[in-house]
Ligand SMILES: [Zn+2]
Ligand SMILES: [Zn+2]
C-alpha cells in the first residue's frame, strides 16, 4: 500500500469517526402536554385521557410524572441502549420540580422492546430498585403479550403508587367510574346540559309563579272573595310609570278587586329576564342600558366599555366607563409546563 493511500484511508477513518460522533446528537421530541405523549399510538383516546387524569392528580399534589411512548429510539438518534436518551430527554424537558428534583419520566420504546423509568436526582439510590420492581411486575408481563394499552395503564398506576404511596382517586370502583362518566359527559355536553337545565328551571319558575299569582284571595276589609281584573281594566288602576313598565315587560301588575266593597289590591311582579334597571330618580324599572366597547380586552390588557343609562319614564340619564377584565389564557389549569427538574441517570430499565 502506498503512503498516499494510507493517508487517504486514515483521513477517511478520522472523518467517518468525526461525522458519526456529530450525528450522535439526540433529537428531542416536542411535548404536547406534560403528562402523556403517546407518540407510538399505543393508547386509545379514553385510556390516554384516564392516564392524564391520574397524572394530573399526582401533579396537583406536587410530583410531575410524565409518560412518553416512541416507536423506535433510532428516530431520535438514540439507541440501542435506552438509558442515555432517557437521561438526556429528562434534562432537556426538565421533568419535575427544579429544587426537589422529584420528577419521573416513563419512556417506552415499542419496536426496541425497551422501557425505562428515569428518576430525578432527588431520589436516593434505593428508589432504583423500587421502580425496577414496577417495570418487571407491572409493565413487562403485559408487554410480553403485546397488551401495551393495559400494561401502560397498570404500570403507570403502580408507578404512582410506588412514588407517592397511594393510588390516584380516579383509579377504579363504581363511584369513580360514574364520576368519570359524568365528567366526560360534562366535557362533551356541559353547555347543553346547562342550557336545558336553565330552560326547564325557567319554565318551572314561571309555572309556579303563575299558580301563585292566580291563587284565590279574600279582601282584607270585608273578607269577601276578590277577582283579578283583566289587563285592559287594570290599566285604569295603575299609573303611567307602571303602564310603561308593563309595556317594556320589565314588571307585570295584577289588580284584584273585592266584589263586595270594591277595594283594590295591586300586586307587582318583576320579570326574571329584563334588561331594564330601576331608575334612581322615578323608581320605575324603566332605565335602558346601552353598552359601547371603547377598547376590547385582550389577553395582555384589560379593555374599556361605556355604559349609557336612559330612563324612558323621566329625564334621568347617566354615563359611565368600566374596565373589561383581561381575557384569561386558555384554561388548561396547571400542568402546562415542566418544572425544570434534572436527573443524574437514576432509575431502572427493562426489556421484553
Ligand atoms: Zn271587600
Ligand atoms: Zn326615571
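Structure above, values below:
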quantity: Relative contact order (percent, whole number), the chain, Cα cutoff 8 Å, 6+ residue spacing; calculated: 20
quantity: Overall form of the range 26-171 per C-alpha gyration tensor (a/c, 1.5; a/b vs b/c); calculated: rounded
quantity: Viscosity 1.567 mPa s, temperature 4 °C, Stokes-Einstein D of the range 121-259 from Kirkwood C-alpha radius, µm²/s; calculated: 58
quantity: 0 to 90° range, to nearest 10: angle between helix 148-164 axis and the chain longest Cα axis; calculated: 80
quantity: Reciprocal mean inverse distance between Cα atoms of the range 216-274 - Kirkwood radius, Å; calculated: 12.0
quantity: Helical mean residue ellipticity (222 nm; -39500 (n - 2.57) per DSSP H run of 4+; nearest 500) of the chain; calculated: -12500 deg cm²/dmol
quantity: Projected label distance in nm at residue 28 and residue 40, using a 7 Å step from Cα toward the beta-carbon; calculated: 2.2
quantity: Degrees, to the nearest 10: 174-214 long Cα axis against longest axis of the chain; calculated: 10
quantity: Most mobile of 137, 235, 315 in a GNM of the chain (Cα contacts under 10 Å); calculated: 315
quantity: Rounded, prolate or oblate (a/c below 1.5 giving rounded, otherwise prolate when a/b exceeds b/c) for the range 275-322 by Cα gyration tensor; calculated: prolate
quantity: Cα centroid separation, the range 116-159 to the range 33-88 (Å); calculated: 12
quantity: DSSP beta bridges in the range 18-117 [antiparallel fraction, %, rounded to 5]; calculated: 30
quantity: Contact order normalised by residue count of the range 134-288, Cα under 8 Å, 6+ apart, percent; calculated: 12
quantity: Radius ratio Rg over Rh of the range 236-315, counting only Cα atoms, Kirkwood formula for Rh; calculated: 1.22
quantity: Residue 186-residue 210 FRET efficiency (beta carbon distance; Förster radius 45 Å; 0.05 resolution); calculated: 0.90
quantity: Max mean-square fluctuation residue, GNM over the chain, Cα-Cα springs under 10 Å, options 108, 266, 160; calculated: 266
quantity: Crossing angle, helix 3-23 versus the chain [Cα axis fit, 0-90 degrees, rounded to tens]; calculated: 30
quantity: Proxy reagent accessibility, fewest Cβ within 10 Å first, across 57, 236, 118; calculated: 236, 57, 118
quantity: More than 40 Å apart - percent of Cα-Cα pairs taken over the chain; calculated: 50
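Bear in mind that the values in this text are calculations on the coordinates, not laboratory data. In this text the structure is predicted, and so the values were computed from the model without any measurement. Cβ: placed from backbone, ideal geometry, glycine included. Neighbour counts: every protein chain shown.
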